[in-house]
């Protein structure tokens with residue numbers, strides 16, 4: 001290289017733009033700065049000929065070269081002040097960025113301006129798309145998962161729910177995050193199975209759409225013209241709207257009778273109290289009726305009887321371990 005050429009390259013080292021995209025955003029939906037960089041670049045390179053963005057870039061009139069340059073080749077492409085955009089693959093071009101870092105650290109070459117430009121961003125909840133894709137593959141390829149049914153999985157929904165409650169009561173945030181994921185898996189798994197129902201199929205999108213519509217409808221104080229300034233008023237809105245939706249005859253309609261006994265008793269007492277119904281407890285003897293009275297008392301005092309009994313049971317477990325000479 002002549003001294004004049006070397007001087008020109010040093011004065012105008014050029015620019016490298018590493019363009020990253022999210023696979024969770026539809027291809028072609030890129031930010032305006034990304035489109036500007038692509039349209040004004042001297043060259044656009046991509047190592048992956050099957051990159052989902054390439055058809056859309058070419059439709060926009062952008063020439064994309066399918067090549068995987070080394071760091072040295074990229075510096076040469078930027079000579080004389082040229083701009084090169086590298087459309088990053090899913091791995092993020094680690095070999096190229098490591099090579100550029102090595103050259104920059106050597107101090108022997110004039111480096112171009114290096115810019116990392118995110119062309120698309122994940123929105124909140126975007127990782128749920130990954131879960132749906134993973135579940136699709138597991139359902140198709142896993143010998144166990146591919147044979148599961150709603151009925152066969154029902155027990156896991158109960159188990160995971162209790163493990164979630166335990167994490168909440170223990171105050172373990174790491175465990176809470178994991179257990180929430182396990183509960184979420186149950187939702188996605190059942191929705192994936194439902195897609196195969198020949199009579200009335202539905203998908204996880206239908207599940208999400210249903211709960212979104214329900215939440216909006218039952219929160220007129222948020223999404224409509226109604227007002228609510230206290231939690232009690234919010235609950236009244238919810239119950240009133242729910243009753244109109246379900247067209248129930250009794251306040252007890254919709255209470256799952258297979259839930260644990262204490263929770264069931266407290267729920268029935270709560271429904272009666274919310275409806276302002278004066279219903280005396282059955283006058284009968286026996287442990288069941290005594291427990292019913294205790295559940296009613298707990299509900300009137302704002303105590304969850306199931307949680308209270310679990311706390312007492314854990315204390316009793318610790319006492320047993322203490323007698324056994326073990327740590328609580």
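Could you say which residue among 310, 297 is touching a residue at least 60 places away in the same chain (Cβ under 8 Å), in a helix (DSSP H, G or I) and not assigned by TED's automatic domain parsing to the domain that holds residue 158?
Among 310, 297, only 310 is touching a residue at least 60 places away in the same chain (Cβ under 8 Å), in a helix (DSSP H, G or I) and not assigned by TED's automatic domain parsing to the domain that holds residue 158.
Quick check, is residue 298 within 24 Å of residue 165 (Cβ to Cβ) and touching a helix residue (DSSP H, G or I) at 6+ places or on another chain (Cβ under 6 Å)?
So residue 298 passes the test.
Would you confirm, using the coordinates I've provided, whether residue 268 is outside the structural domain of residue 145 (by TED's automatic domain parsing), at pLDDT 90 or above and closer than 30 Å to residue 293 by Cβ?
yes
For residue 123, are the conditions met, namely being exposed (fewer than 12 other Cβ atoms within 10 Å of the Cβ) and over 23 Å from residue 13 (Cα atoms)?
yes
Considering each residue of the range 59-71, count those that are part of a helix (DSSP H, G or I) and surrounded by 13 or more Cβ atoms within 10 Å (Cβ to Cβ), and give that number.
Matching residues across the range 59-71 total 1.
Of all residues being surrounded by 15 or more Cβ atoms within 10 Å (Cβ to Cβ) and in a loop (DSSP other than H, G, I, E, B) in the range 32-49, which is modelled with the highest pLDDT? Just the residue, please.
Applying the filter and picking the extreme gives 41.
Under 8 Å between Cβ atoms, which residue pairs at least 6 apart in sequence (or on different chains) link something in the range 186-197 that is in a loop (DSSP other than H, G, I, E, B) with a partner that is surrounded by fewer than 16 Cβ atoms within 10 Å (Cβ to Cβ)?
Matching pairs, first to second residue: 195/201; 195/202; 195/203.
Provide a single number: the residues in the range 260-277 that are exposed (fewer than 13 other Cβ atoms within 10 Å of the Cβ) and touching a helix residue (DSSP H, G or I) at 6+ places or on another chain (Cβ under 8 Å).
Of the residues in the range 260-277, 1 are exposed (fewer than 13 other Cβ atoms within 10 Å of the Cβ) and touching a helix residue (DSSP H, G or I) at 6+ places or on another chain (Cβ under 8 Å).
When you look at residue 28, is it at positive phi and outside any helix (DSSP H, G or I), yes or no?
Considered against the rule, which asks whether it is at positive phi and outside any helix (DSSP H, G or I), residue 28 comes out as yes.
Are any residues in the range 198-215 within 17 Å of residue 146 (Cβ to Cβ) and modelled with pLDDT under 95, and if so, which ones?
The one that is within 17 Å of residue 146 (Cβ to Cβ) and modelled with pLDDT under 95: 198.
Is it the case, given these coordinates, that residue 149 is within 30 Å of residue 187 (Cα to Cα), in contact with a helix residue (DSSP H, G or I) (Cβ under 8 Å, 6 or more places away or on another chain) and either surrounded by fewer than 12 Cβ atoms within 10 Å (Cβ to Cβ) or in the same structural domain as residue 57 (by TED's automatic domain parsing) (or both)?
Yes: the conditions hold for residue 149.
Is it the case, given these coordinates, that residue 315 is outside any loop (DSSP other than H, G, I, E, B) and not assigned by TED's automatic domain parsing to the domain that holds residue 236?
Taking the combined requirement at face value, the residue satisfies it.
Inspect all residues belonging to the range 302-325 and state whether any of them is touching a helix residue (DSSP H, G or I) at 6+ places or on another chain (Cβ under 8 Å) and under 20 Å from residue 253 (Cα atoms).
Within the range 302-325, not a single residue is touching a helix residue (DSSP H, G or I) at 6+ places or on another chain (Cβ under 8 Å) and under 20 Å from residue 253 (Cα atoms).
Look through 256, 280 and report the one residue that is part of a loop (DSSP other than H, G, I, E, B) and within 32 Å of the chain's Cα centre (by Cα).
The unique qualifying residue is 256.
The values are calculated or read from the model by the stated rules, or taken from the named source; none is laboratory data. None of the values given here were measured: they were computed from a predicted structure. Here the Cβ is made from the backbone with ideal geometry for all residues, glycine too, and neighbour counts use every protein chain on show.
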